[in-house]
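Undergrad: For reference, the structure I am asking about is given below.
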């Protein structure tokens, strides 16, 4: 059996998880949509191996990308793992001229919404740091966002035909099972892999525990956000102000804000004024007006 994974930043985790879950049963390849050469690689895979060379083409991305290359009945759509319950302050940023195109800060597409707002509104670092507090988090809805995120991800799993127990086991554990809203820890993606096997009617070769105890997480060395202590205290999970952008580690919000402001000043000189990515802006507009809330606390 041959399986192709075509997806987002979770692709390598899915490849490792399904390879081990179906050890001896399936060969699994992966194509990451974030790879600049992904279209050429997709064309090469399809032309070299043919439309019928894969028993399943599993994707958490756009089916329309795959239709020209593979038979539609081979394409299996699965949920992308998106959970911001531990990190409600984490957003993407963009330029005002291209508000739907995410940009990167130190190789990381995610930034602090509060940091971004304070930079745009020219708030000093000392004043900005004071906004990382229980009162602001309450007013922005951060303290209640865990439940919103739980409902959203459970609905997403159900809509894609994945047993919701695959994510509920992690929600109920109350461990911080995400590095950031779109970067799950391997255990979460592995549970999804077992859900995918169930959806396809395939019996795993190895158990979840056997795989999870030995695998190295492909996303472990990328970016990671601590669950800010006021939020962590309410959720009953370990809290931290630590933020890691690959090799850059910030142990405090003041250190993060200083580097962030320096970077953004140079970025705007080169690429233009910045704003919150449109998708995240819509999320904030739906729940709380970040502009009014933060001005109230200055």
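Undergrad: How big is the antiparallel share of DSSP beta bridges in the chain, given as a percent to the nearest 5?
TA: Among the beta bridges of the chain, antiparallel pairing accounts for roughly 55 percent.
Undergrad: Between segment 229-298 and segment 130-206, what's the alpha-carbon centroid distance in Å?
TA: 22 Å
Undergrad: Could you give the distance between the Cα centres of segment 65-116 and segment 207-222, to the whole Å?
TA: First find each Cα centre; the distance between them is then 23 Å.
Undergrad: Under 10 Å, Cα contacts only: if you run a Gaussian network model on the chain, which one of 126, 60, 12 comes out with the highest mean-square fluctuation?
TA: Taking springs between Cα atoms under 10 Å, the residue moving most is 126.
Undergrad: Hey, another quick one. Within segment 111-148, what residues put their amide N at less than 18 Å from the label point 7 Å along the Cα-to-Cβ vector of residue 269?
TA: From segment 111-148, the list is 119-120, 122.
Undergrad: Under the Kirkwood approximation for Rh and a Cα-based Rg, what ratio Rg/Rh is obtained for segment 172-298?
TA: Ratio of gyration radius to Kirkwood radius: 1.06.
Undergrad: What translational D, rounded to a whole number of µm²/s, comes out for segment 235-298 from Stokes-Einstein when the hydrodynamic radius is the Kirkwood one over Cα pairs, at 25 °C and 0.890 mPa s?
TA: Taking Rh from Cα pairs, D becomes 168 µm²/s.
Undergrad: May I pose another question? Please work out the Cα convex hull volume for the chain and give it in Å³ per residue.
TA: Considering the Cα atoms of the chain, their hull volume per residue is 136 Å³.
Undergrad: Same structure again: Among 87, 288, what is the fewest-to-most ranking by other Cβ atoms within 10 Å?
TA: By the 10 Å Cβ count, ascending: 288, 87.
Undergrad: Relative to the longest principal axis of the C-alpha atoms of the chain, give the angle of the C-alpha long axis of helix 11-21, reported between 0 and 90° and rounded to the nearest 10°.
TA: The answer is roughly 40 degrees.
Undergrad: Can you pull the Kirkwood radius for segment 1-49, inverse mean 1/r over Cα pairs, to one decimal in Å?
TA: 11.2 Å
Undergrad: Now for a separate question. For residue 175 and residue 286, compute 0.36 nm times the residue count separating them, minus their Cα-Cα distance, and round to one decimal in nm.
TA: 37.2 nm
Undergrad: Expressed as an acute angle from 0 to 90° and rounded to the nearest 10, what is the orientation of the C-alpha long axis of helix 253-271 relative to the principal long axis of the chain?
TA: In the chain, helix 253-271 runs at an angle near 80 degrees to the longest axis.
Undergrad: Using only DSSP helix segments of four residues or longer, with each worth -39500 (n - 2.57), what per-residue ellipticity at 222 nm results for the chain after dividing by its residue count and rounding to 500?
TA: -13000 deg cm²/dmol
Undergrad: With everything on Cα atoms, drop me the angle between helix 186-200 and the longest principal axis of the chain, reported from 0 to 90° to the nearest 10.
TA: 40 degrees
Undergrad: How are the alpha carbon pair distances in segment 74-208 distributed across 5 Å bins from zero to the largest one, expressed in percent?
TA: Computed distribution, short to long bins: 2, 9, 15, 17, 16, 15, 11, 7, 4, 2, 1, 0.
Every read-out reported here was derived from the displayed coordinates using simple, explicitly stated rules and does not represent laboratory data. Bear in mind that the values here come from a model prediction, so they are computed numbers and not experimental data. Using ideal geometry, Cβ is built from the backbone for each residue, glycine included, and neighbour counts are taken over all protein chains shown.
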